[in-house]
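The next block holds one structure in the form of C-alpha cells; read it before the comments.
The values are calculated or read from the model by the stated rules, or taken from the named source; none is laboratory data. Worth saying up front: this structure is predicted, and the values here are computed from it rather than measured. Every residue, glycine among them, receives a Cβ derived from its backbone with ideal geometry; neighbour counts consider all protein chains shown. In case anyone asks, the SASA skips ligands and DNA or RNA and just uses the protein heavy atoms, side chains included. Shrake-Rupley method; radii C 1.70, N 1.55, O 1.52, S 1.80 Å.
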Amino acid sequence: MKPIKKLFIVLALLYTCSATCLADVRPVDDLFPIYPCIRPNVNFWEKVYTKEPSNRGFIHDSINLDIIYDVIDVKKQGEPGARKINKKRIKAAKKKYKNILAKLASGGSPATDEEKRVLALFRDNPKSSTLQKARDNIRFQRGQKDRFLPGIIRSGAYLKEMKEIFSNYGLPTDLTYLPHVESSFNYEAYSKFGAAGVWQFTRSTGKRFLRVGYALDERRDPIRSTHAAAIFLKENYKKLGSWPLALTAYNHGTAGMLRAKKAKGGYERIFKEYNGRRFRFASRNFYSEFLAARKVARNYRSFFGTVRLDIPKQTTEVELQGYAPVHELADYFGVDLATLRKLNPALRKPVYKGQKYVPKGYRLRLLNERGQKTKQLAARMPDDFFLAGQKHSRFYSVQKGDTAGRIAIRHGVKLQDLIFANRLNRHATIYVGQNLRIPTRGEKISRLAKVKPISNEPSVPQAVTPEQIATGIAAPEKPITASTFSKQPGRVPDAPKPVASKPTAPKSSEQMPARIEQEEITQTSVATEMTVMAKNEINPAVVSGHLQVEKMIKRKGKTLGVIRVEAEETLGHYAEWLGVSAQEIRRLNKIIFGKKIRINQSLNVPFQKTGAEEFEEKRYEFHKEVEEDFFVAYRVHRVRTYEIRKGDNIWTLCRAEFDMPFWLVKKYNPALDFNSLMPDQKIQIPVVEEITES
C-alpha cells in the first residue's frame with residue numbers, strides 16, 4: 001500500500017473517531033434541541049408547571065398551544081362534588097369560545113372586546129376554515145404548579161444519585177428530569193392502566209429489568225428503577241437515533257415511534273405531519289413537556305424562590321439469604337417499621353401485613369446512622385433466622401350454596417378474619433365467581449379499613465345475627481343489586497331470600513376444627529366499620545373471575561390443564577407462571593403468532609414444570625396485585641350507563657371513551673359477553689377519582 005494512501009486511511013479513521021467522540025460530548029442543548037415548531041408547546045407547558053395551581057386551568061387550542069383563550073377556576077380533584085362542578089364549568093367555557101369562533105368563521109365582524117381578543121390570537125387575518133377547525137380543537141389543561149413544586153422538593157432525595165447512575169451508563173444526566181413529567185418524583189404514583197413509581201413503568205416493561213410481583217415491586221424503588229430507566233432509554237436511543245424520538249417513545253412506545261420514523265423521518269416532520277392512530281395529544285407533546293420540566297427544574301429558584309430540597313438519606317444494604325418476616329427484620333436491626341417502609345418502598349403491602357415474607361435475595365435498605373453496628377448485625381444473622389420458602393397466598397372460589405361461615409370452617413380460619421380480610425358487608429354476603437382471600441397464619445388483619453359506598457341506593461336491612469352469617473344466606477349465582485329491593489317511601493327494603501343449598505363438606509386433607517367459636521359480629525363491628533359499595537355490591541377487596549384450572553387432561557403423555565382467559569391476561573403471563581415459552585402455549589392451542597387471545601377463551605396449558613395449585617396462586621396474585629394497587633390510588637365515585645353504538649370495540653372504548661382499565665369495566669358487568677357486544681346494549685361504567693394525599 002502506498003504511503004499516501006495509508007495516510008488518508010489513518011486520517012479517515014481519526015476523523016471518524018473524533019466525530020464519534022464529539023457526538024458523545026456535544027452540549028446538552030444539542031442533544032435536546034428546541035425546534036421552532038415546538039417552541040410554543042414548550043412555553044405552554046412551562047406556564048402549566050409554574051403559573052397556575054391545580055384549582056385553575058387553561059382553555060386552549062390543542063394543536064397551536066400558543067392560543068390560550070382563558071384561564072378558569074376549577075375545584076381540586078378529590079374535593080366534594082369536584083367532578084360534576086368542573087365538568088359544568090369546562091363545558092360552559094368551551095361552549096363560549098366555540099360560539100365566538102363559529103361567528104368569526106362565518107364572516108361576522110368581531111363586535112365585542114372579547115371577540116376582538118380571540119381573533120387577535122390567530123394573527124394575520126385567519127381563514128374561515130382555520131377558525132372553523134379551531135372550534136373542534138378547544139381543550140382544557142389543569143395547572144400543575146402546586147404539584148410540580150413538591151416534585152422539586154422530593155427530587156432532592158434522589159437526583160444526585162440518579163445523575164450518577166445515568167452518567168455511569170454513558171447517558172445525558174438531564175434525562176433524570178423526566179420523572180417530573182411522569183410522576184412529580186412520587187414513588188407511590190400509580191396510573192389507571194398500571195404504570196407505577198417515579199419512572200411510571202408498566203408491569204410488562206418493568207418486568208424486563210426489575211422484580212415485579214405480589215411481594216416485591218421494584219418499579220416503586222426510585223433508585224433501582226432508575227437503573228432500569230437508564231437501560232430502557234439507552235435501548236430507545238440506539239433504535240431511534242435521537243433523544244427527541246427516544247423520549248417520545250417512552251410515552252408512545254418504541255415500536256410506534258419506529259413506525260413514525262419510517263413514515264416521516266425526523267422528529268420535526270413527525271411532530272407536524274404524523275397522524276398515527278395512537279399518536280395523539282399526549283405523545284405529540286411529551287418531548288415538549290420534558291423540555292419545559294427540565295428548564296423549570298434546572299432553574300427552580302427563579303420560578304419558585306427559596307426552596308428547601310429533601311436531603312438524601314445515607315443508607316446501607318443487606319442482602320437477605322432467605323425469606324424473612326418484615327416485623328422480625330425490623331426488631332433484629334432495631335428499626336421501627338415506618339422507617340423501614342420508607343427506606344424500602346419496593347416491598348408491597350402484603351409484606352407489611354404479614355401475608356408475605358420479604359423475598360430471598362432482596363437487598364434490605366437500612367440507615368447508615370448506626371454504621372458499623374448494622375454491618376455487624378448483618379454478618380451475625382443466624383441461618384435459622386431465614387425461611388426456606390415464601391408464604392403461600394390462599395384463595396377460595398365461591399360456589400353456589402357457599403356461605404362465609406362454611407368457608408371459614410372449611411379452611412380452619414376465624415369467620416371474623418375472613419370477613420375483614422375480604423371487606424365483606426354486614427351480612428358477609430358472597431357471590432358465585434368471587435375469589436375470597438383466605439387469611440394466613442400470623443397475618444395482621446385491619447379491622448378499620450372501609451369500602452366507601454358509591455351510591456345512595458338502599459341496601460339490605462342492618463339486623464343480622466352471627467348464626468345467620470355462619471350458617472344462613474348462601475351465595476347467589478349473580479350479584480343482587482340495590483334495585484332488587486322495593487323502594488316504597490318510609491319502608492326498609494326486604495332482605496333477599498336465601499338460596500337453598502347443602503353445606504359444602506371440607507376436603508379430607510384439610511384441618512377442620514371440631515367446632516367454630518361464635519364470633520361477636522355486631523352491627524358496630526361489621527355494619528359500621530365495613531360499609532359496602534351499594535351498586536351491584538361490587539367489593540374492591542375481592543377479585544372476581546375464573547382463576548381456577550377447570551379440568552386436567554392427558555395428551556400424548558403430557559398433563560394439560562384447561563383454563564378460561566380472564567381480563568388483562570396474555571400468553572406471556574401464562575408462560576411466566578408455567579415456566580414455559582409462549583410459543584409452546586400457541587402450539588398447544590394452534591394459535592398463529594400475532595393473533596391475540598380473547599376474553600373467556602378456553603385454552604390448554606402445560607403442567608410439566610409448574611403444578612396446577614402453584615399456577616392458580618400466581619394467577620390470583622397477579623389479579624390481586626393489579627386491583628390492590630388501583631384501589632389504593634383511585635376510588636369509584638359513581639357508576640354511569642353507556643349504550644353500545646355500532647362499531648364499538650371494548651378495548652378502544654376503555655382507552656378512548658372510558659379512560660378505564662378493562663378489568664374494572666368487566667368487574668361491573670360480570671355477566672356480559674364482551675366478545676359480542678350489540679348496538680343499544682347497555683353497560684355499567686365506573687367513574688373513578690384520584691385519591692389525593694389530603
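For residue 51, the lysines whose Cα falls under 19 Å of its own Cα, not counting residues fewer than eight places away in the same chain, are 75, 76, 145, 295. What a 1.4 Å probe finds exposed on the stretch 185-332 is 46% carbon and sulfur by accessible area, rounded to a whole percent. In the structure shown, the pairs 414/444; 353/414; 87/646; 98/192; 360/444; 356/444 are assessed against 19 Å; a Cα-Cα span above that value is assigned to 87/646; 98/192; 360/444.
Using 0.36 nm per residue and subtracting the Cα-Cα separation, the extra length available between residue 128 and residue 298 on full extension is 57.0 nm. Taking a straight Cα-Cα cut-off under 13 Å and skipping sequence neighbours fewer than 8 places away in the same chain, the aspartates and glutamates within cross-link reach of residue 667 are 537, 566, 568, 627.
Candidate cross-link partners of residue 551 among the aspartates and glutamates, defined by an alpha-carbon separation under 14 Å and a same-chain spacing of 8 or more, comprise 613, 616. Computed from the C-beta positions of residue 645 and residue 55 and an R0 of 41 Å, the FRET efficiency is 0.70 to the nearest 0.05.
Which of the peptides 569-579, 677-687 is most tightly packed, and how do the rest follow, judged by the mean count of other Cβ atoms within 10 Å per residue? It would help to have the intermediate numbers written out before the result.
Numbers: 569-579: 17.7, 677-687: 14.8.
Averaged packing, sorted descending, gives the order 569-579, 677-687.
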